[in-house]
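Every read-out reported here was derived from the displayed coordinates using simple, explicitly stated rules and does not represent laboratory data. Quick caveat, the model's predicted, so the values are computed rather than measured. Ideal geometry is used to build each Cβ from the backbone, glycine not excepted, and the neighbour counts take in all protein chains shown.
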């Protein structure tokens, strides 16, 4: 039986700066990815969490439809399509499934299963689907999955996910490095 890779979508398969131009336009800022030093965007855009949630609800579908791929993601992921089962586990809400699946098809990204859990807590899905390794960009998710599921977690390095890492979490700069680690581990 093939091993299953669990892969987050936003900021992992898609470019981590995807939302920034839209946020900058709406909130009249000129931030870059280097300015995004925390996952909670509300303080960086001088707004409340409620307003940011409202903004996300209003704009997320359109942004997800247009999200660019992270560099090398397509080549690496598609090189694994016959070796591993590719399970995407995302915090996106279930109402975004059709948009998400269409994005995968339009961008030629191979998948075996897409699970939209509707929250950042992915532990149950990782356990349910017997994931062998996980790919993530959110710091606390990576640490929690690594520690609670005792599997390797590849954390894509961004300014918003800095901090000490448990032994199960491996920080990488890009998909090429991620592939090297997975090929060595599995």
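Paramagnetic label reach from residue 22 (point 7 Å along Cα→Cβ; backbone nitrogen cut-off under 13 Å): within the range 41-82, residues 53-68. Projected label points at residue 59 and residue 75, each 7 Å from Cα along the beta carbon direction, are separated by 3.2 nanometres.
Sorting 173, 122 by the number of Cβ atoms found within 10 Å of their own Cβ, with the fewest placed first, yields 173, 122.
Here the Gaussian network model covers the chain, with springs between Cα atoms less than 10 Å apart; of 64, 39, 139, 39 fluctuates the most. Extension gain, residue 174 to residue 128: 0.36 nm times the residue separation minus the Cα-Cα distance gives 13.8 nm. Between 0 and 90 degrees, rounded to the nearest ten: what's the tilt of helix 139-149 against the longest Cα principal axis of the chain? Helix 139-149 and the main axis of the chain meet at about 30 degrees.
When Rg and Dmax are taken over the Cα atoms of the range 62-186, they come to 14.0, 38 Å. Packing, taken as the mean count of other beta carbons within 10 Å per residue, orders the peptides 149-156, 46-53, 80-87 from highest to lowest as 149-156, 80-87, 46-53.
Label sites at residue 185 and residue 42, each approximated as a point 7 angstrom past Cα along Cα to Cβ, lie 3.3 nm apart. Largest mean-square fluctuation among 140, 75, 157, in a Gaussian network model of the chain whose springs join Cα atoms under 10 Å apart, belongs to 75. Just checking the listed ones, 148, 38, 25: in the Gaussian network model of the chain with Cα springs under 10 Å, the one fluctuating most is 25.
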